[in-house]
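The values are calculated or read from the model by the stated rules, or taken from the named source; none is laboratory data. All of these numbers come straight from a predicted model, not from anything done at the bench. With ideal geometry, Cβ positions are generated from the backbone for all residues, glycine too; neighbour counts draw on all protein chains shown.
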Amino acid sequence: MYSRDYLNKSYLLVFLLIAFCGFVATFNLYQQEKSGVAYEQGVVADRFASSLLIALNSYAIEVASIVALFHSAENDDISHQQFARFGQVLLNQNSNPILNMYFAKLIREDELSDFLLDQQQIPNNEKVTIFPEGKRPSYLPLTYGFPDVIQHGVDLISDELPYKQSVILAQESREIVMTPPLILTKDKVNGQKERDAFTLHHAVFNDQDEFIGVVGIAFKIGGLLDQIDLFSDMNFSYRFADVTGLADGEEPDWFYDTGKHALSSLTSSKMHSNQFEFAGRVWLVESCSNENPYALIQWERLISLMLTYLVLAILMGFFTYKLCRAYNASLDNVEYLLSTDELTQLKSRHAINSQVSQQVILAGDHSKFAVLLLDLDHFKAINDVFGYLIGDQLLVKVSNRLVSALPENAQIGRVGGDEFLIILPLDSTLERESIRELAQNIIDQVSKSYLVDERILTVGCSVGIATYPEFGEDAPTLMKNVDMAMHRAKTLGRSTHHFYDTEMGGRLIRNVLVETRLRLAMKNNQLQLYFQPKVDLQTLRCVGLEALLRWDDDELGTVSPSEFIPIAEHSGIILPLGEWVIEQVCIHIAQWSEKGEFIPPIAINCSAAQLKRADFLSRLVGFIDQYNIDTSYIEIEVTESILIDDAEGCAELLSEVSRLGMKISLDDFGTGYSSLSYLKDLPFDSVKIDQVFIRDILENEKHAALVRGIIQMSHSFGLHVVSEGVTSESQLALLKEYGCDVGQGYLFGKAHHPDLVASKIEQ
Ligand code: C2E
Ligand code: MG
Ligand code: MG
C-alpha cells in the first residue's frame, strides 16, 4: 500500500529531481558568468596598471634622451640655446605632457660667481641667485630649463628642498630615480598645496666619469593620466599611490579617479590591486569597474537553461504520471484477477487465503472465527460425464447458492476446482451448535438439485470446520486443520460436515508413524495374507475366498487394513503392496493346487491407484503366467472410487480383465457414488453390499429395503449379489428370503491363515 503511495507520487519526485538538476546547472553557469565578469574586470585592471607603467617609462625615455644630449656634446658642455633647441625638438616629437625638463649643474663654491654671471646672460634671468641662499661647499642649481619656466638657481641638493634624496640616489645608482609626490617649488611659491607632481632625475657624468650634474623632468599626475586616455570612456574607478617604504596599516596618499563611485565606497577588498616598481619607487594601483556586475551577466543564457530544465521536468513528470496511471491500472487489473475467481466471481484462492491471515490479525485474542472448507462430492464425475462447460455452469450455481446460504458477515472464496473456503466471524452467541446448523444448512442447500442446460443435476458436498483460536492460531495451521477435517468428512461417508478436533491432530501423528512402520514391515516381510470364505447362501458351500492383508507390528501391535490401506493409498505404498498381494495369491493358489486341495476363486482387493497404473494388467498377467495359474481362480474386487477419476479407462481395463477370464466384483456397494447406471454397462460379475447395511438389516427397515432393492436390481442386470458382514442366522435367513446369492461374514468364518484355509473350507 505504501509502495503504491510512493509510486503515485513518483511524478513529483521526477519533476523535483530534474528541476533541482536545472537549478544546480543554472547556478553553476551563474557562477561561471560571475567569475567571467570578475576576470574581465581583472584584465581591465591589469591593463590600466601596465598602461600607467608604460606612461611612466615614456618619461624615463625622455630623461635618457636628455642624458644622451649631454654625452653627445663636446666636453659635455651644453649652452642654454642648445638645451632649448633640443627641448623644443623633444617636445614636438613626444606628446608627453611634461611640465618641463631641466639640467642642474654641479657648482663648487668657488665657481658660484662665474655660474651666476653665465646665468645672467640668459634672457629675463638678470636677477638670478642661488636658492635657498647660503654658503655651501657645492651646489646643484637649475641651470637650463625648457619650457623656460624654471626658477634658475634653485639648488636641488639643498636640504630645504625635496629633491636632494633622489638626486643623490641618481648619482650613486647612475639610474633614473623618481621623487615621491611633491609640490614643485614654483607651485609652492604660487601657493598650490596638492602634492601632485613628480620629477625624474638622472645623473650626468663627463668623459672622465666625473659627476657634472643631473638632468630631470617634472610632470604632474594629470599629465600622466592624460596619456592613458583609453580608459576615459570606460566606466571605471581607480586610485593609486606611491607606497615606497610605507609601513603596514599606514594609509597611502591616494590619487583618485572615483568615476561614479563615492570616495568612501572604494575599499581595497572590492578592488583589483596591482603593484609595480618604477625608478626606485613602488606604486600601488587599485581599480574597479563601475559597471553593475549583475548587468554584465548574460541572464538570457541562465534563463533559457533553467527554462529548458523546467520544460524537461514538466514533460518527464507528466510522462511519469501517465506511466504510473497506466501501471496502476494494470496493477489494479492484476489485483482484481488475482483476488477474484474468474468463473464464480467469488474471492480467489489467493485472496481468501490472505483474508484468513488478515482475520487472524483482526481477531487477535478477543474474537473468534471459523473457517469452513467445502468440497463437492464426486464433482469430477460430473465433469467427465457431462463435460467441463456443464461442470462450470454447475459450479457457478453452487457458488450462488452458497452465497445466499451464508450470513452477511461471512466471506467466501473458491480455493480449488470444486473447493470453497468460508470465513465465518463468530460473536459470543454463535456457538458450535450454530456453526453445525449453518454447515448442515449449507450442505442441504448445495445438495438440492440444479437445472443446468436442461439437465437436472445433483451434487453433494463435504464440509470441514476449524475454529480460531482453538484449532489453529495462525492461518497455515487453520488451513491444514480445516483440510484435514474436510477429508475426514469425506471418509465419514460424504455429504456431511466434520469439526476439526485435537484427536485429528493425534491421528495425523499416528498416520505418519503407521506409514513409517508399514514401509519397514514390507521391507522385512512382516505382512501376511489371510483368506475369508464367501458362502453360497443356499448350499452354505464355500464358493470363494477373499484375500485380506494382516499386519502385526512389533511397535504398533495389530494394525487393521482399514487403517493402513488408506495410508498406503495416500503414500503410494499401495503400488508395491498391491503387487505383493497379487503375487502371494498366485503363490498360494499354485501351492494349494499342487497339494490337490480344493480351490475356489480368490478375490483380490485392488485400489484405484493400482488400476490406474498403465502396466497393471501386464503385471497381473505376468504373475498368472509365472505361477501358471488358471485365470478363472482370480477375482478382482474394486470399489466405486475407481470410476471417479477415469470411468472410461476403467471400463476398458475391466473389460480386458473380464475377457481374460477373471471375475470382477464391485466392493462396498452402497457407501459411495452408488449410481446404478454403470452396473449394467461395466463387466461386473457380482456386487458386494457393504456390511453397514447388513449389520442392522433386522432393525433398520430402510437398510432392509435398500438391500432388497440392490439384490433385485443386480439380478435384473444378471449380477450375483454378495452380502458382507453376515454375523447371525436371522440375518442369513432374511438375506436368503431376499434372494441374496452369497454371504461373507463371521457367521461363516473370519479370514484364515493360509495353512488353515483348506481345513476350514472342508468343515
Ligand atoms: P473389504 O474388502 O470390504 O473386506 C471385508 C472386510 O470386512 C475385512 O476387513 C473383513 O475382515 C471384514 N469382515 C468380514 N466379515 C465380517 C463380519 O462378519 N463382521 C465384521 N465386523 N467384519 C467382517 P479387513 O480385513 O479389516 O479389511 C478392511 C478393508 O481393507 C477391506 O475391506 C479392504 O477394502 C481393505 N483391504 C484388505 N486387504 C486388502 C488388500 O490386500 N488390498 C487392498 N487394496 N485393500 C485391502
Ligand atoms: Mg473386499
Ligand atoms: Mg467390502
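Rundown of residues vs (1) without any contact (Cβ under 8 Å) to a residue 60 or more places away in the chain; (2) outside any helix (DSSP H, G or I), yes/no style:
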position: 304; (1), (2): yes, no
position: 324; (1), (2): no, no
position: 327; (1), (2): no, no
position: 333; (1), (2): yes, no
position: 338; (1), (2): yes, no
position: 355; (1), (2): no, no
position: 359; (1), (2): no, no
position: 369; (1), (2): no, yes
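Which condition breaks for residue 116 when tested against (1) within 20 Å of residue 219 (Cβ to Cβ); (2) aliphatic (A, V, I, L, M); (3) at pLDDT 90 or above?
(1)
Which pairs do you get when a residue that is farther than 16 Å from residue 755 by Cβ, found in the range 592-606, comes within reach of a residue that is within 16 Å of ligand 2 (Cβ to nearest atom) and hydroxyl-bearing (Ser, Thr, Tyr), reach meaning Cβ atoms under 8 angstrom, with the pair 6+ apart or on two chains?
Correct list of pairs: 603/665.
When you go through (1) more than 56 Å from the chain's Cα centre (by Cα); (2) modelled with pLDDT under 95 one by one for residue 560, which number turns out not to apply?
Of (1) more than 56 Å from the chain's Cα centre (by Cα); (2) modelled with pLDDT under 95, only one is false for residue 560: (2).
Please name all residue pairs, on different chains or six or more residues apart, with Cβ atoms under 7 Å, provided the first residue is in the range 695-710 and is of a type in the set (Gly, Ala, Ser) and the second residue is surrounded by 17 or more Cβ atoms within 10 Å (Cβ to Cβ).
704/697
How about the range 528-541: which of its residues are surrounded by fewer than 20 Cβ atoms within 10 Å (Cβ to Cβ) and away from ligand 2 (no atom under 16 Å from the Cβ)?
The answer is 528, 536, 538, 539, 540, 541.
Select from the range 463-476 the residues that are buried (at least 17 other Cβ atoms within 10 Å of the Cβ) and either in a strand (DSSP E or B) or out of contact with any helix residue (DSSP H, G or I) (no Cβ under 8 Å at 6 or more places or on another chain) (or both) and list them in ascending order.
Of all residues in the range 463-476, those buried (at least 17 other Cβ atoms within 10 Å of the Cβ) come to 463-468, 471-472, 475.
Those that are buried (at least 17 other Cβ atoms within 10 Å of the Cβ) and either in a strand (DSSP E or B) or out of contact with any helix residue (DSSP H, G or I) (no Cβ under 8 Å at 6 or more places or on another chain) (or both): 463, 464, 465, 466, 467, 468.
If residue 664 satisfies every condition in (1) within 16 Å of ligand 3 (Cβ to nearest atom); (2) touching a strand residue (DSSP E or B) at 6+ places or on another chain (Cβ under 8 Å); (3) not in a strand (DSSP E or B) but one, which is the exception?
(3)
Select the helices (runs of 4 or more DSSP H) contained entirely in the range 1-103, then report the ones holding at least 2 residues which are aliphatic (A, V, I, L, M) and modelled with pLDDT of 85 or more.
On the way: elements: 2-8, 10-72, 80-93.
Fully inside the range 1-103 and qualifying: 10-72, 80-93.
Does any residue in the range 538-549 that is over 10 Å from residue 600 (Cβ atoms) come within less than 8 Å, Cβ to Cβ, of a residue that is basic (Lys, Arg) and within 13 Å of ligand 1 (Cβ to nearest atom) six or more places away or on a different chain, and which pairs are these?
Pairs that qualify, where the first residue is over 10 Å from residue 600 (Cβ atoms) and the partner is basic (Lys, Arg) and within 13 Å of ligand 1 (Cβ to nearest atom), are 546/534.
Taking the options 689, 636, name whichever one is within 15 Å of ligand 3 (Cβ to nearest atom) and within 22 Å of residue 578 (Cβ to Cβ).
Working: 689 fails: within 22 Å of residue 578 (Cβ to Cβ).
Result of the check over 689, 636: 636.
Under 30 Å from residue 687 (Cβ atoms), polar (S, T, N, Q) and modelled with pLDDT under 95 - does that describe any residue in the range 498-510? Even if it seems obvious, please write down each step before you answer.
First pass over the range 498-510, keeping only residues under 30 Å from residue 687 (Cβ atoms): 498.
When the remaining residues are screened for being polar (S, T, N, Q), the result is none.
No, the range 498-510 has no match at all.
Any residue in the range 675-683 that is closer than 19 Å to residue 547 by Cα, away from ligand 2 (no atom under 16 Å from the Cβ) and out of contact with any Cys (no Cβ under 9 Å at 6 or more places or on another chain)?
Let us first name the residues in the range 675-683 that are closer than 19 Å to residue 547 by Cα, namely none.
No, that holds for no residue.
Could you please let me know if residue 545 is more than 55 Å from the chain's Cα centre (by Cα), among the hydrophobic types (A, V, I, L, M, F, W, C) and assigned to a strand (DSSP E or B)? Let's see the steps before the verdict.
Working: more than 55 Å from the chain's Cα centre (by Cα): yes; among the hydrophobic types (A, V, I, L, M, F, W, C): yes; assigned to a strand (DSSP E or B): yes.
Answer is yes for this residue.
Show me the helices (runs of 4 or more DSSP H) found entirely inside the range 554-636 where at least 2 residues are within 16 Å of ligand 2 (Cβ to nearest atom) and either closer than 17 Å to residue 656 by Cα or not aliphatic (A, V, I, L, M) (or both). Talk me through it step by step, then tell me what you get.
Working: elements: 561-571, 574-595, 608-612, 616-626.
Qualifying helices (runs of 4 or more DSSP H): 561-571, 574-595, 608-612.
Are any residues in the range 637-653 within 14 Å of ligand 2 (Cβ to nearest atom) and part of a helix (DSSP H, G or I), and if so, which ones? Talk me through it step by step, then tell me what you get.
Of the range 637-653, the ones within 14 Å of ligand 2 (Cβ to nearest atom) are 637-642.
Once the filter is applied, which keeps residues that are within 14 Å of ligand 2 (Cβ to nearest atom) and part of a helix (DSSP H, G or I), the range 637-653 yields 641, 642.
Can you tell me which residue within the range 595-630, out of those that are closer than 19 Å to residue 548 by Cα and of a type in the set (S, T, N, Q), is modelled with the highest pLDDT?
The qualifying residue modelled with the highest pLDDT is 605.
Restricting attention to the range 339-362, report how many residues are surrounded by fewer than 13 Cβ atoms within 10 Å (Cβ to Cβ) and either in contact with a strand residue (DSSP E or B) (Cβ under 6 Å, 6 or more places away or on another chain) or aliphatic (A, V, I, L, M) (or both).
Residues flagged as surrounded by fewer than 13 Cβ atoms within 10 Å (Cβ to Cβ) and either in contact with a strand residue (DSSP E or B) (Cβ under 6 Å, 6 or more places away or on another chain) or aliphatic (A, V, I, L, M) (or both) within the range 339-362 amount to 2.
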